[in-house]
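Here the structure comes first, spelled out in structure tokens, and everything after it is commentary.
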Amino acid sequence: MKTRRLTMSQALTSFLANQFVERDGHETAFFAGMWGIFGHGNVAGIGQALHQQKMLRYYLARNEQAMVHTATAFAKMSNRLRTFACTSSIGPGATNMITGAATATINRIPVLLLPGDIFARRNVAPVLQQLECNYSQDISVNDAFKPVSRYWDRINRADQLPYALLEAMRVLTSPSDTGAVTLALPQDVQAESLDYPEELFEKRTWRITRPLVDRASLEEAGRTIRSAKQPLIIAGGGVIYSEATAALAQFVERSGIPVVETQAGKGSLDFDHPQNLGAVGVTGTPGANIIAREADLVIAIGTRLSDFTTASRTAFQNPDVRFSNINVAESDAQKHSALPLTGDARATLEELTRVLQGYRVDDRYGARVSAFKKEWEGEVNRLYGLRHGPPVSQSEIIGTVNNFSGPKDVVVCAAGSLPGDLHKLWRARDPKGYHLEYGYSCMGYEIAGGLGVKMADPSRDVYVMVGDGSYLLMSSEIVTSIQEGYKLNIIVLDNHGFSSIGGLSQSVGSSGFGTDYRFRGSDTGQLDGEYLPVDLAANAASLGAHSIRAVSHQDFERALQEARAQDRTTVIVIEVDKEMRVPGYQSWWDVPVAVVSEVDAVRSAREAYEEALKKERHFFKK
Ligand SMILES: Cc1ncc(C[n+]2csc(CCOP(=O)(O)OP(=O)(O)O)c2C)c(N)n1
Ligand SMILES: [Mg+2]
């Protein structure tokens, strides 16, 4: 057997550089490079390997959490066909990646994480940053990655590496199992050498498969749909990752079945497609939520059916409602006692189109869908057209960015009040034009994620829309975007704190307590003094961005023009009115309210809560 003497780290980087994936005959390198921040836990191992071999490009990030978000956004934008690896030191560098790992895993997005780990030999323990444990020496902080990884391993000997790498690739390229994969790499083992077999470094192509649905289940689905009076499709992220959007359009154009969209599924159909009723659930449109409430059959495609989609299981009130779920992951296909159509979204939709030839929903149902759609577009126009303040309203800023950006441009967001407003109001014109991380809704994803989106498709302009809270949590990757020459347009909506959680706090009777960025009042002892004087525009400029302050609506329009003329990352900061919220429509979210309280507002919120709870449906007919 031909072998090559390499360190474990050199073997690992050489292997990664030779992994390819293929779907529908298109082949691409799976790893676009490796993100990292070096410390003693990786500089002499992975760092040395990256320095010596030039196949895998190294990207230096500012924060380990951020680099995992960048990798995740890149992979999401690439429909999970490409990603990055991420290397960290041991200890805090490693644990900083845990939030990123959770974000990737919950959203079912592949990323490879390579945290450094404590000495496998244990000879110098405790090493700097080692967690000591008095009942086992087989524990380090990297064990905390286990619940947030779809595959986890620790490479305690150089000869374990090949087996772990093949498992890692199996999981990363599996449409149903994918998520964060963690290979913890003890600092000493990274530098140890072995005669690795040459085969390990040959080019390997992993097929991303399109599993086919079971025949009997497909035929049953055909019969179920034909007998339904008010069928409804929920389009989730899986529709987009599977590149099933054209198949979905064809299916609904023939059948007339209306479509509603989750956060990850928004853009499955263009906003003005006649069958698209837009967002569903807690942040849904009135038409989508009324049709969902009455539907007798829900075809949930590529969705996890999270509480935001199901309005905490209150969205479906027809006593006879049944589910047929198309999903590549069996556990999702089975949710809500569905007829499981376990398979690839595109392949299954194509088959269903054949099975349902000649079928079309009742004309009256179609007419209702059109009426709801028309009404909703009027409401969006109203909210886009508000000329409030200054401070301006958030909805008019969304409208202005939507009108200003091109159909292929991408809006990126993750947490705060923006995701809900964008879900309702953004007019998506391309399957990849709306990039929301709303599985983990992780503050800090926005700018780091925007960078990943831009790297995945530099031909598109990226508009990151971010609240002041998320901006303050993590804006560090502005520096990285400038280092790498990827221009982002970042719009910071400053409302001095948390509009989202502030509003939620009001709704549970707690008056927005602790959600404003204010000085501590000298007489009250509470955070109810003047607003803190935070200058976000100066902050952005200090990181190297072109920075613009806008106050009025006209300033903002001019700022967008100015941003377009820049060749480096540009940050526009505009104050928005925290209390000018976009309302909810025909929906509810289960956030339990205190059962006993001295506060009247809490007691009445609890009463309303108990009433609303009665609508929750936890079990459905098979
Ligand atoms: C990392 C993280 N911490 C806490 C939360 C809970 N949370 C959700 S929205 C929000 C406030 C966001 O503030 P900002 O970005 O200013 O947006 P706004 O609500 O003002 O629109 C918080 C604290 C979260 N989603 N992520
Ligand atoms: Mg805010």
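The values are calculated or read from the model by the stated rules, or taken from the named source; none is laboratory data. Note that the structure is predicted; figures quoted are calculated from it, not measured. For neighbour counting, all protein chains shown are included, and Cβ atoms are generated from backbone atoms with ideal geometry for every residue, glycine included.
Things to note:
- Test: residue in the range 340-348 that is surrounded by fewer than 17 Cβ atoms within 10 Å (Cβ to Cβ), at pLDDT 95 or above and more than 16 Å from ligand 1 (Cβ to nearest atom): no
- Just one of the listed residues (Gly389, Gly416) is in a loop (DSSP other than H, G, I, E, B), in contact (Cβ under 8 Å) with a residue 60 or more places away in the chain, buried (at least 23 other Cβ atoms within 10 Å of the Cβ) and within 16 Å of ligand 2 (Cβ to nearest atom), and it is Gly416.
- Among the residues of the range 448-483, those identified as of a type in the set (Asp, Glu), in contact with a strand residue (DSSP E or B) (Cβ under 8 Å, 6 or more places away or on another chain) and either away from ligand 1 (no atom under 12 Å from the Cβ) or closer than 13 Å to Arg62 by Cα (or both) are Asp457, Asp461.
- Annotation note: Cβ proximity below 7 Å between a residue of the range 494-505 that is among the aliphatic types (A, V, I, L, M) and a residue that is modelled with pLDDT of 95 or more (sequence gap 6+ or interchain) occurs for Ile501/Thr515; Leu504/Val591.
- For the range 306-324, filtering for residues that are of a type in the set (D, E, K, R), within 15 Å of Thr262 (Cα to Cα) and not in a loop (DSSP other than H, G, I, E, B) leaves 1.
Residues are listed down the side, and each one gets a yes or a no for (1) without any contact (Cβ under 8 Å) to a residue 12 or more places away in the chain; (2) of a type in the set (Lys, Arg); (3) touching a strand residue (DSSP E or B) at 6+ places or on another chain (Cβ under 9 Å):
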site	(1), (2), (3)
Pro126	yes, no, no
Asn134	yes, no, no
Asp143	yes, no, yes
Leu161	no, no, yes
Val171	no, no, yes
Leu185	no, no, yes
Asp188	no, no, no
Ala191	no, no, yes
Pro211	no, no, yes
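- The listed residue being hydrophobic (A, V, I, L, M, F, W, C) and over 26 Å from the mean Cα position of the chain (by Cα), out of Val602, Val582, Val591: Val602
- Being surrounded by fewer than 22 Cβ atoms within 10 Å (Cβ to Cβ) and either more than 24 Å from Val534 (Cα to Cα) or in contact with an Asp or Glu (Cβ under 6 Å, 6 or more places away or on another chain) (or both) is a description that applies to Asp461.
- Test: residue in the range 441-455 that is touching a helix residue (DSSP H, G or I) at 6+ places or on another chain (Cβ under 8 Å) and of a type in the set (Lys, Arg): yes
Per-residue answers, yes or no, for (1) at pLDDT 95 or above; (2) buried (at least 19 other Cβ atoms within 10 Å of the Cβ); (3) assigned to a loop (DSSP other than H, G, I, E, B):
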site: Asp177; (1), (2), (3): yes, no, yes
site: Asp188; (1), (2), (3): yes, yes, no
site: Glu199; (1), (2), (3): yes, no, no
site: Thr205; (1), (2), (3): yes, no, no
site: Arg223; (1), (2), (3): yes, no, no
site: Lys229; (1), (2), (3): yes, no, yes
site: Ile240; (1), (2), (3): yes, yes, no
site: Ala249; (1), (2), (3): yes, no, no
site: Glu253; (1), (2), (3): yes, no, no
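- Of all residues making up the range 514-530, the number that are surrounded by 14 or more Cβ atoms within 10 Å (Cβ to Cβ) and away from ligand 1 (no atom under 13 Å from the Cβ): 4
- Candidate set from the range 402-413 (those that are more than 16 Å from ligand 1 (Cβ to nearest atom) and either of a type outside the set (A, V, I, L, M, F, W, C) or crowded, with 23+ Cβ neighbours inside 10 Å (or both)); member that is nearest to Gln561 (Cα to Cα): Ser405
- Number of the condition not met by Ser587 [criteria: (1) crowded, with 17+ Cβ neighbours inside 10 Å; (2) of a type in the set (S, T, N, Q); (3) part of a helix (DSSP H, G or I)]: (3)
- Taking the range 486-573 as the region of interest, the helices (runs of 4 or more DSSP H) fully inside it that hold 1 or more residues being more than 16 Å from ligand 2 (Cβ to nearest atom) and basic (Lys, Arg) are 553-565.
- Within the range 431-485, the set of residues being in a loop (DSSP other than H, G, I, E, B), within 16 Å of ligand 2 (Cβ to nearest atom) and closer than 19 Å to Val401 by Cβ comprises just one member, Ser475.
- Thr99 being surrounded by fewer than 24 Cβ atoms within 10 Å (Cβ to Cβ), hydroxyl-bearing (Ser, Thr, Tyr) and over 21 Å from Arg157 (Cα atoms): yes
- Options Asp567, Asp590; residue that is touching a residue at least 40 places away in the same chain (Cβ under 8 Å) and either within 29 Å of Gly278 (Cβ to Cβ) or hydroxyl-bearing (Ser, Thr, Tyr) (or both): Asp590
- Any pair with Cβ under 7 angstrom, 6 or more apart, that starts in the range 78-106 at a residue that is at positive phi and ends at one that is among the β-branched types (Val, Ile, Thr) and crowded, with 24+ Cβ neighbours inside 10 Å: Asn79/Ile240; Arg80/Ile109; Arg80/Thr178
- A count restricted to the range 432-447 and to residues that are more than 12 Å from ligand 1 (Cβ to nearest atom), more than 14 Å from Ile109 (Cα to Cα) and surrounded by 24 or more Cβ atoms within 10 Å (Cβ to Cβ) stands at 1.
- Tally of residues being more than 22 Å from the chain's Cα centre (by Cα), of a type in the set (A, V, I, L, M) and assigned to a strand (DSSP E or B) across the range 325-347: 2
- Filter result for Ser510 (at negative phi, near ligand 1 (Cβ under 8 Å from one of its atoms) and not aliphatic (A, V, I, L, M)): no
- Restricting attention to the range 484-501, the residues that are hydroxyl-bearing (Ser, Thr, Tyr) and either surrounded by 24 or more Cβ atoms within 10 Å (Cβ to Cβ) or more than 9 Å from ligand 1 (Cβ to nearest atom) (or both) total 2.
- Matching residues in the range 313-368 - criterion: being within 30 Å of Lys614 (Cβ to Cβ) and free of Cβ contacts under 8 Å to residues at least 12 places away in the same chain: Pro319, Ser331, Ala333, Gln334
- Residue match in the range 471-478 (condition: farther than 29 Å from Leu277 by Cβ, in contact with a Ser or Thr (Cβ under 9 Å, 6 or more places away or on another chain) and not hydrophobic (A, V, I, L, M, F, W, C)): yes
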